[in-house]
Amino acid sequence: MLFRGTKETMTPLTQFAALLPLNTLGHYLHWHFIDISVANFVVIVLMVVTFVLALVLPFPGRRRRREQP
Amino acid sequence: MSYAEIERQWTTRLRKRFVHLLPPDKLLPDTQPSYVASWIYVFGVTTMAALFVVIVSGCLLALRGPQWWHSSSVGHFMNSLHLWSVEIFFFAMVVHLWGKFFMAAWRGGRALTWMTGVVTFLTSIAAAFTGYLSQSNFDSQWISTQAKDGINATGAGAYWNVLNMGQMLMWHIVLLPIAAVALTALHVLLVRIKGVVPPFAEKTSVQTVDTTEMAS
């Protein structure tokens, strides 16, 4: 939202923003009664991946703690 | 004042009860059980770190107001920081929730810890939704007109008017943050009192040995 007398701010990162246009209609996935936006679906997938990685990745310092008498 | 009179004071009794419930070494422990050395245990504190950034960035947005966050580069940055810290807050909270669900973290008298987490989650969702309504742009106007039908269908519309920008802003910046922070503090204190839930015990099969045969 721009107010009268203000200019749209241009930063060095503005060009990168053009790579991922966010000012368009959202994309949706439909499967039977399930209706979900691609953005929300991607976030859910990332949460599941993070959850699995948190279970399987070794925690730093765990081996050192085990070796201690 | 006699010793007996001092012991009868409500301040003395309250202090003794609190110290008994949560001694300093339990409130701020220097070590944790070995099973806590796993990535799955970091998401609770990640959620709290994100909540801290949410509160600080929200306070800075409140200092300068909507014109600043809509029209200046620093205001845009702070607006984005507020949004993305909320995204990280919910992301980490959901992974924390999944981890605790599969650990059955309500075991060992920890039901109140679990329930305060549930209520904090629901309060945070309400805080996030009122945040959408407090942006003061066309997006918030669109969301409020879409939300009013749902809220009116529940019968709560007479008390919770999503078209009332002032009411939604007050809920977003006063009531719900106070509730979310107070519930988070209570949740953490309960974790300190009861300790982190231990993993499930491994199933072991015990083989019996006939000692009379060994003796012969």
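The values are calculated or read from the model by the stated rules, or taken from the named source; none is laboratory data. Computed from a predicted structure; not experimentally measured. A quick note on method: Cβ atoms are made from the backbone with ideal geometry, for glycine too, and the neighbour counts reach across all protein chains shown.
Residues are listed down the side, and each one gets a yes or a no for (1) surrounded by 15 or more Cβ atoms within 10 Å (Cβ to Cβ); (2) closer than 30 Å to residue B:172 by Cβ; (3) β-branched (Val, Ile, Thr):
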residue	(1), (2), (3)
B:17	no, no, no
B:38	yes, no, no
B:45	no, yes, yes
B:68	yes, yes, no
B:73	no, yes, no
B:79	yes, yes, no
B:92	yes, yes, no
B:101	no, yes, no
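The helices (runs of 4 or more DSSP H) located wholly in the range B:43-138 that include 1 or more residues which are aromatic (Phe, Trp, Tyr) and more than 14 Å from chain A (Cβ to nearest Cβ) occupy B:43-64, B:111-133.
Please go through the range B:82-119 and give me each residue that is of a type in the set (Ser, Thr, Tyr) and over 15 Å from residue B:186 (Cα atoms), ordered by number. Full working, then the answer.
Filtering the range B:82-119 for residues of a type in the set (Ser, Thr, Tyr) gives B:85, B:113, B:116.
Of everything in the range B:82-119, just one residue is of a type in the set (Ser, Thr, Tyr) and over 15 Å from residue B:186 (Cα atoms), namely B:85.
This table checks each residue for (1) more than 28 Å from residue B:193 (Cβ to Cβ); (2) surrounded by 14 or more Cβ atoms within 10 Å (Cβ to Cβ); (3) in contact (Cβ under 8 Å) with a residue 60 or more places away in the chain.
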| site | (1), (2), (3) |
| --- | --- |
| B:95 | no, yes, no |
| B:112 | no, yes, yes |
| B:117 | no, yes, yes |
| B:126 | no, yes, no |
| B:145 | yes, no, no |
| B:158 | yes, no, no |
| B:179 | no, yes, no |
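Pairs meeting the criteria (first residue in the range B:187-208 and at pLDDT below 90, second residue part of a loop (DSSP other than H, G, I, E, B) and small (Gly, Ala, Ser), beta carbons under 6 Å, at least 6 apart or on different chains) are lacking. Within the range B:154-182, restricting attention to residues that are aromatic (Phe, Trp, Tyr) and modelled with pLDDT under 95, the residue that is nearest to residue B:48 (Cα to Cα) is B:160.
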